Structures are given as structure tokens and as C-alpha cells.
Amino acid sequence: MNLRLATLTLCLFAASSAFAEKADRDKPMQLEANRISIDDAKKIQILEGDVVIIKGTMILKADRVVITEDQYGFQKGAAFGGKNGLARFRQKREGRDEFTDGEAERIEYNTNSEIAEFFHRAWVKSGEDQVRGDYIWYDAVSEKYLVTAGETRDPKGPPARVRAVIQPKSKGSQPMQPAGRGERLELKGAGGLTDTPARE
């Protein structure tokens, strides 16, 4: 039985975001579930029943977690359900007093591509930024998101929409205001440059 493989896989699955607290990699993994089954021949690990995985600041909660490994050693993990039918994760961001939180009916992660996918009722919050949709694709390497609304389940309801809240990168600074019409534009020299007389 390769329990170490299962815990390593779950760590990679749930804690590999580029924003993740780096110290979490060296922390012990704590697993809780009603049942854990590991098939080394097929390279499948299944955790079932009120699954809780804790590694440092990372916490993953789901009803069921399935991990598979391909012939090259790359792993794919999928977390299903949980409270109100949603799998959830939370982890502290590196060097910040902020957390990355996410939830969906199903969360999948591929260790080869480092891409996470959130399916149905998906929501991801990183610091104060957040995105919500029916499907969220997140590339941990390039830190890019793709969010889609999906189809409207109620034909009489409004069309499905994606929602996002993106905070300005520097909250303390005010953006420069362009000069209004008729106002004189004031030019200033850069510090550290010396004036050289122009040749006549």
C-alpha cells in the first residue's frame, strides 16, 4: 500500500498554486476520511466520506477525492462534493496575510500542466480578487483565469453570467489625472540628469 504516494498527490493537487505558502511543502500531511482505498496496480487512490486534508496552511474538504497516476508519474486529482455539495479548499498566500479560497461541485488538478479546473457553482477568491462562474480554469504557472457562465438552468430566468471583482494593484496611490482642456501641461526634468549646453 503506497499511502505516501496518496498524501504527496493530494498535496500537489490541493496546494500547488503559485500563490501557495512555500513552507507548506515541508509540513506533515494530515488525512481524515471514513474510508481510504489504494490500488497500486491501477495507480488509483480513493478517499471517501467527510474527507479532510490538512498540510500546513492548506485545508481541503470534500465528500470524495480520487487520484490517478499516468505512466510518467504525473497525477490527476478530483475532489467531489462536500458541505452543500461543494468541495472546498483554503491556503495562505506566500508572503502575505491573505488566503486563496475556492469551491465547486468538482475540483480537478493536473500535476503535469499545473492547471486547476472548477466545475459548477465555481468560486475562487485570491486576496480580495474573486471570480465566480459555472466553470473556472486556472493556470498556476502563468496565473491566468478563464471563467465561463455555462447554460441557464431556468429557461425563464435571466441568462447566466460570469462575475468578478478585481482590486487595483496599488490601493494607496491615486492614478495620474490627464490635463483638462485648456490647461497648460507642465513638463519636469528627470532627477540626476545634467544640462549640457546646446551647440550653436
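Computed from the coordinates by the stated procedures, all read-outs in this text should not be read as laboratory data. The model shown is predicted, which means the values in this text are computed figures rather than measured ones. Here the Cβ is made from the backbone with ideal geometry for all residues, glycine too, and neighbour counts use every protein chain on show.
Taking amide H as placed 1.01 Å from N in the peptide plane, the amide H of K43 sits under 5 Å from none that are at least 5 places away or on another chain.
Listed peptides 64-74, 111-121 appear in the order 111-121, 64-74 once ranked by packing, highest mean of other Cβ atoms within 10 Å at the front. Packing, taken as the mean count of other beta carbons within 10 Å per residue, orders the peptides 81-91, 40-50 from highest to lowest as 81-91, 40-50.
Among the listed pairs K43/K83; K61/K92; K144/K169; K83/K125; K55/K125, those whose Cα-Cα separation exceeds 23 Å are K43/K83.
Where Lys and Arg each count +1 and Asp and Glu each count -1, what net charge lies around G77 among other residues with Cβ under 13 Å from its Cβ? My count for the surroundings of G77 gives -1.
A simple spin-label model places pseudo-atoms 7 Å from Cα toward Cβ; at D101 and K83 they are separated by 1.0 nm. What FRET efficiency would be calculated for the residue pair E32, K156, taking the C-beta separation as r and a Förster radius of 30 Å, to the nearest 0.05? The calculated FRET efficiency here is 0.10.
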